[in-house]
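Asks: There's a structure below that I have some questions on.
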Amino acid sequence: MKTYTIEAESDSVLFPKYDTRTEVFKWSYNGNDNQLPSIIQHLANESVTTKGCIKKITSAIFGKGFVNGRTIVNKKGQTLNAVGLHLAKELATQNNAFLHIRFDANIEISSIDVLPCSKVRIGSSDDAAYSGMFAVADWSSKRISSSDIMKVNRFNLNEDVIKAQIKAAGGIGAYKGQIVHISKDHSVKYAPSDLYPVLEDAESEKLSKIYTRNSSKFGFMNAKAVLVGKMTQEEESSFKDDLSGMQGAENASNLLVFQATNPVQDLEKQMIVKDLASNPSDKILQYTDSKVEANICKAFDVPVSLISGRSEGIFGNSGELLTVMKRQLYDDKETERMLIEETLTQIIIKSAFKSKINEAKIIDPWEKS
């Protein structure tokens, strides 16, 4: 990931650029690409601290699932709980989430699906900055034609509006339904992810594990070489063979030895011992990893003690401190929970499965039954 100088007036998050070719507002890291959600998702999988924070936040948002959450809500056979859990994870990762709803011939919602943020972009807007369409496509593709983009109407449960959209699409069979955009910050096109301020830290954590792996597999682990003067061709060939055999963790602490030709000669003057290891100080790596871990946890507002393996002390006193921190995290995610509950309840009221679910109410894991 490259480093960019960000100026407020051209910030790609605050002021996303409009792509006239695809007719969408770019969800960009640098103002030129359209890949920020994919970058976020990639680092969420590669950075162990980020992954841990998202897991804790998702759990805090979703609680114990929905009341009547086992009701099937789409053609994939997914339950309301499965959809809600996916929504919680998207919000925890991206601070945005997209629901795709479809209608039956009775103008009732027949299906609810979660679309990943990497697939959805906001379409062109009018003079009032209102975007009535979303564009769904594989935005990671190098070439995207108009036929690769599915245009879907914005969420609007007005029955007359829905009938007009169905007519414009050419009938219920061709109608693509609507998309609901759940955002933690509607003052911008796309709410910035909590990971955004620490993208470089998450990438550093990813690179740290790659460096450790490559050093173990291909580097010299505590290996040393004894160097002598000019060698014959046979000696040089033998030297290279022996040296290659010292690479990797399985050959750690090996020593390459050449016998002196003259046993009575001063060996200290004839041979030089070189340390082949090039690893940086363990203390430096530990400091960097700890700093990165703390920064990521701070960005997500998750206590480091809930993530770090160095916090064994929290299990003392019957784990009371751990319980308090989990409860606090649950309380802190009330906004996300409210967004999910309100949105899904709106949909359920107009759905074909409303008789099975009264509302999308998440069960409080701390509430005594």
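The values are calculated or read from the model by the stated rules, or taken from the named source; none is laboratory data. Predicted, not measured: the structure shown is a model, and the values here were computed from it. So basically every Cβ, Gly included, is an ideal-geometry build from the backbone, and we count neighbours across all protein chains shown. Side chains are part of the model used for accessible areas, which takes the heavy atoms of the whole protein and leaves out ligands, DNA and RNA. Shrake-Rupley method; radii C 1.70, N 1.55, O 1.52, S 1.80 Å.
Asks: Out of curiosity, is ALA191 within 29 Å of GLU46 (Cβ to Cβ) and surrounded by 14 or more Cβ atoms within 10 Å (Cβ to Cβ)?
Replies: Working: within 29 Å of GLU46 (Cβ to Cβ): yes; surrounded by 14 or more Cβ atoms within 10 Å (Cβ to Cβ): yes.
When the stated conditions are applied, ALA191 passes them.
Asks: I'd like the residue in region 117-139 that is out of contact with any strand residue (DSSP E or B) (no Cβ under 8 Å at 6 or more places or on another chain) and more than 16 Å from ARG21 (Cβ to Cβ) and, out of all such residues, is most open to solvent (accessible area, probe 1.4 Å).
Replies: ASP127
Asks: Sort through LYS163, LYS151, LYS142 and tell me the only one that's part of a strand (DSSP E or B) and either at positive phi or surrounded by fewer than 18 Cβ atoms within 10 Å (Cβ to Cβ) (or both).
Replies: Among LYS163, LYS151, LYS142, only LYS151 is part of a strand (DSSP E or B) and either at positive phi or surrounded by fewer than 18 Cβ atoms within 10 Å (Cβ to Cβ) (or both).
Asks: Restricting attention to region 75-103, and to residues there that are touching a residue at least 12 places away in the same chain (Cβ under 8 Å) and in a strand (DSSP E or B), which single residue is surrounded by the fewest Cβ atoms within 10 Å (Cβ to Cβ)?
Replies: ARG102
Asks: Scan region 114-136 and tell me whether some residue there is in contact (Cβ under 8 Å) with a residue 24 or more places away in the chain and part of a helix (DSSP H, G or I).
Replies: Yes, there is a match, as at least one residue in region 114-136 is in contact (Cβ under 8 Å) with a residue 24 or more places away in the chain and part of a helix (DSSP H, G or I).
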